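See structure below.
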Amino acid sequence: MLCLASNLIVWMTAVTEESQHQTVIPKSDHGNASHFSVDLSSIGNKEGECNCSHTACSIFKEAYYYLYPFNIEYSLFASAMAYVMWKNVGRLVDQHAHHKHRFRLKGILVGPVVGVAMLVAGLATFVIYEVDMAMDDKEKKELALKIHYLMNTVAVSLMSVAALIGYAIYWLDKRDHVSEKNPTRSLDIGLLLGSSLGQFLICYFNMVAIVASSATDVLNALNLACSLLTIIQIILQNVFVIEGLHREPFNEDHEGHVFANPHALHSNQETHQPSTMRRSTSVVIITTGMHVPVTLGPCWKRRLLKEISIFLLLCNVILWIMPAFGARPQFDNELGFRFYDYSTWSAVVNIGLPFGIFYRMHSVASLFEVFLIT
């Protein structure tokens with residue numbers, strides 16, 4: 001419990017520092033949100049005090065920025081693992097409850113290909129977004145926001161369709177549900193549902209601001225569609241993951257039973273009277289069953305579930321990369337600051353965004369487990 005509490009404190013401290021770093025107070029003194037920007041090159045509040053002239057200093061400074069998101073996620077995952085260890089102390093596990101899972105992509109093609117394509121497109125969109133937002137050209141900034149919203153809208157739309165198909169397959173599947181209580185699975189589901197509330201919070205406030213302000217331009221139309229589809233995608237993905245974690249694993253090896261028919265052998269011996277020499281070398285009749293392992297290929301349901309799982313996994317990776325490494329369309333789009341006051345909108349984003357980032361990372365781990373179980 002000491003390890004759990006310590007890692008939670010470290011995570012909360014890191015999230016607070018990251019929120020302060022990414023949030024920039026408006027430069028205008030008139031109360032309106034006329035200019036918002038995020039300085040991605042500055043890491044601390046006292047960056048000007050570092051006078052190191054060695055090359056390693058600049059390398060460390062740049063690397064620290066890109067490794068910082070992993071540091072934040074590590075503390076939260078360490079807390080989760082400490083909780084699982086604490087719950088498993090003194091717990092008796094059924095000896096038949098363990099299943100050997102192997103990671104194999106044999107026969108899985110469409111999901112990885114489409115997922116990698118979405119990953120590459122997302123990375124290209126993220127680079128364009130970061131480059132254009134660093135400029136002072138307002139038109140380029142607006143175009144970068146449109147591309148960002150369009151990319152996210154396409155991604156969550158495809159993910160929603162894939163998750164819906166996956167849930168339909170689970171509904172048609174006849175596999176039994178896991179009845180054993182498992183603290184790890186319960187924690188996974190709890191973290192999945194709890195962290196998704198952060199993204200719900202941002203999307204809800206975003207949609208209220210767009211609808212209430214009657215914004216009809218293309219930028220806010222894409223923003224509204226992206227927020228609405230993100231909520232739908234998270235709901236469908238949660239249902240798919242929870243259903244997958246509660247299903248028994250597919251059994252690859254099945255025992256085939258082969259039996260001999262002794263009556264047919266006796267009838268054959270009576271018809272053809274064997275000689276004395278033949279009796280001495282008579283055939284030993286097998287009356288017991290033999291178990292022959294028969295390996296069955298993956299059925300279409302299993303293969304399709306694996307395709308969906310790996311596709312959702314790769315899409316969640318890119319949806320984690322963009323906000324974790326500095327994409328803040330909530331601050332770059334001035335609508336939220338115009339509709340809400342500065343402190344309210346900043347609080348909503350700074351509270352919901354860390355949970356949204358963790359949700360994507362945790363979804364990757366959960367979908368990987370669903371892939372192995374399937």
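Given points 7 Å out from each Cα along the Cα-Cβ axis, report the N88 to A365 separation in nanometres with one decimal.
About 1.2 nm, to one decimal.
Could you order peptides 202-211, 128-137, 229-238, 343-352 by the average number of other Cβ atoms within 10 Å of their residues, highest first?
229-238, 202-211, 343-352, 128-137
Once you place label points 7 Å from the Cα toward the Cβ at W171 and L2, how far apart are they in nm?
5.1
Can you give me the long-range amide H partners of R247? Hydrogens built in the peptide plane at 1.01 Å from N, cutoff under 5 Å, separation of 5 or more residues or another chain.
For R247, the qualifying residues are V178.
Modelled label-to-label distance, Y74 and M12, 7 Å Cα→beta-carbon offset: nm?
Distance between label points: 2.2 nm.
For the stretch 158-173, what does the Karplus curve 6.51 cos²θ - 1.76 cosθ + 1.60, with θ = phi - 60°, yield as ³J(HN,Hα) per residue in whole Hz, taken in order and with x for Gly and Pro?
5, 5, 5, 5, 5, 5, 5, 5, x, 5, 4, 5, 4, 5, 7, 6
Between S186 and E334, what is 0.36 nm times their sequence separation minus the Cα-Cα distance? Round to one decimal in nm.
49.3 nm
Determine, for each peptide in 367-374, 140-147, 80-87, the mean count of other beta carbons within 10 angstrom over its residues, then list the peptides with the highest first.
For the peptides 367-374, 140-147, 80-87, the packing ranking is 367-374, 140-147, 80-87.
Taking loop as defined by DSSP and a crowding limit of 13 other beta carbons within 10 Å, which trypsin sites (Lys or Arg not before Pro) in the stretch 150-249 fit?
K174, K181
Here, each number is a calculation from the coordinates, and none is a lab measurement. Please read all numbers here as calculations on a predicted model, not as lab measurements. Reconstructed Cβ throughout: ideal geometry from the backbone, glycine too, with neighbour counts over all protein chains shown.
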